[in-house]
Amino acid sequence: MATTPALDWSQCPAVESVPGKRSGAWVFRGTRTPVSTVFENLQDMSVDEVVEEFGVTREQVQAVLQFAAQTAEAPAPRL
């Protein structure tokens, strides 16, 4: 089974990684909510429910989803 490489979240302006905050995990900028929360909950929750439940903005969620989709569509680097 092939694995997909981790996304380079440093290229997404809606998130940040701060040493000492959530062990340096990527979180929505200005929050303690991990980016992974969106992907873990979107199967069972709408974007509006994620926004309400986790204290992030619709714009932040959309930016993360768009970034992930664009990154997934990008051609793999040649090795």
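Relative to the longest principal Cα axis of the chain, at what angle does helix 58-73 sit, 0 to 90 degrees, rounded to 10? Between helix and principal axis, roughly 10 degrees. Each of 62, 45, 26 was scored by the projection of its Cα onto the charge dipole of the chain, and the greatest displacement toward the positive side belongs to 26; charges sit on the C-beta of Lys, Arg, Asp and Glu.
Taking each DSSP H run with n ≥ 4 as -39500 (n - 2.57) and averaging over every residue of the chain yields -11000 deg cm²/dmol at 222 nm. Couplings for the stretch 6-11, taken from phi via the Karplus curve 6.51 cos²θ - 1.76 cosθ + 1.60 with θ = phi - 60°, read 5, 6, 8, 5, 4, 8 Hz in order; Gly and Pro are left as x.
Charge tally around residue 67: other residues with Cβ under 14 Å, Lys/Arg +1 each, Asp/Glu -1 each, net -3.
Ranked from largest to smallest solvent-accessible area, with a 1.4 Å probe on the protein heavy atoms, 33, 57 come out as 57, 33.
Whole-Hz Karplus values for the stretch 17-27 come out as 10, 10, x, x, 9, 6, 6, x, 5, 6, 10 Hz, taken residue by residue from phi with 6.51 cos²θ - 1.76 cosθ + 1.60 and θ = phi - 60°; glycine and proline positions read x. Each residue, residue 58 and residue 45, gets one label point 7 Å from its Cα in the Cβ direction; the gap between the two is 1.7 nm.
The values are calculated or read from the model by the stated rules, or taken from the named source; none is laboratory data. Predicted model only: the values in this text are computed from it and were never measured. When we count neighbours, we look across all protein chains shown, and the Cβ atoms used for this are built from the backbone with ideal geometry, even at glycine. Protein only, heavy atoms only, side chains kept; ligands, DNA and RNA dropped before computing areas. Shrake-Rupley method; radii C 1.70, N 1.55, O 1.52, S 1.80 Å.
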